[in-house]
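The values are calculated or read from the model by the stated rules, or taken from the named source; none is laboratory data. Keep in mind the model is a prediction, meaning the values are calculated, not measured. Virtual Cβ from ideal backbone geometry, glycine too; neighbours counted across all protein chains shown. Note: accessible area is taken over every heavy atom of the protein model, side chains too, but ligands, DNA and RNA are not part of it. Shrake-Rupley method; radii C 1.70, N 1.55, O 1.52, S 1.80 Å.
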Amino acid sequence: MAPGFTGKYTKHHPIIFSHLLERLTALIIVMFGETIVGIADYFTATNFSVQSILIFTTVAALFFTYIVEFDHLINEHQRHETGNLMIYLHYFILFGLSLVTVAMKFIDDTEADQRFAVICMYFGFALFYIGLGIANYYNKVKVNKTVVSIFIVSTIAGFGISWFYSAFTPVVIIMTAVTLINAVTLTRFRIKYVD
């Protein structure tokens, strides 16, 4: 919380924005590593299935979305920035990934409440995407309303369908579809508008 109280001082001594971005990105990469460790149980000899591949694809799509935003869309050469917003938006991303990791461990657990796992999963997706949306402030080209609308509609629709079909296989298929749709949407935006 400390950076929030130091804004008036850091305005006089701006940070090197690219260094802050690099360190925050490294932190998120470590968090994605934790997510991979969290889904490792789906890749044992007894548990490996098509759903295992879809779960991994979901994590890969989230990672790809993150990389497109923070490696390709962000303007690294910000001037006169405290970096506080960049720090705080990563809280959304960290908490979102944490919820997704926990939910992925429980979506196949027969003792866990499937609908609660679905709520955690999509709340995690929402936090993750909110963090990316806030990062739009730093983009070279601002993400347009079409991209934002696709993210919102796909995530809400995915939640609704997953809530209705709260069994393991449909939930995995739907969450993979949601994350792939969003990853492809942001990538197409990047290809079309950013050189």
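Worth pointing out:
- Residue within the range 122-132 that is in contact (Cβ under 8 Å) with a residue 12 or more places away in the chain, touching a helix residue (DSSP H, G or I) at 6+ places or on another chain (Cβ under 8 Å), aromatic (Phe, Trp, Tyr) and more than 22 Å from VAL68 (Cα to Cα) present: no
- Screening the candidates VAL148, VAL141 for the property of being hydrophobic (A, V, I, L, M, F, W, C) and in a loop (DSSP other than H, G, I, E, B) yields one hit, VAL141.
- Taking the conditions (1) over 21 Å from LYS140 (Cα atoms); (2) modelled with pLDDT under 85; (3) open to solvent by less than 20 Å² (accessible area, probe 1.4 Å) in turn, PHE32 satisfies each one other than (2).
- Test for HIS77: is it touching a residue at least 12 places away in the same chain (Cβ under 8 Å), surrounded by fewer than 17 Cβ atoms within 10 Å (Cβ to Cβ) and not in a helix (DSSP H, G or I): yes
- The residues of the range 108-146 that are farther than 18 Å from THR169 by Cα and aliphatic (A, V, I, L, M), listed by number, are ALA126, LEU127, ILE130, LEU132, ILE134, ALA135, VAL141, VAL143.
- Some residue of the range 16-23 being open to solvent by less than 20 Å² (accessible area, probe 1.4 Å), under 25 Å from TYR193 (Cα atoms) and modelled with pLDDT under 90: yes
- Across the range 87-113, the number of residues qualifying as assigned to a helix (DSSP H, G or I) and crowded, with 19+ Cβ neighbours inside 10 Å comes to 11.
- If you filter the range 130-168 down to residues that are open to solvent by 50 Å² or more (accessible area, probe 1.4 Å) and aromatic (Phe, Trp, Tyr), you find that the one that is modelled with the highest pLDDT is PHE159.
- The listed residue being touching an Asp or Glu at 6+ places or on another chain (Cβ under 9 Å), open to solvent by less than 50 Å² (accessible area, probe 1.4 Å) and either of a type in the set (Gly, Ala, Ser) or at pLDDT 95 or above (or both), out of LEU127, LEU186: LEU186
- Checking the stated criteria, VAL171 turns out not to satisfy the condition of being buried (at least 21 other Cβ atoms within 10 Å of the Cβ) and either under 21 Å from GLU34 (Cα atoms) or under 13 Å from the mean Cα position of the chain (by Cα) (or both).
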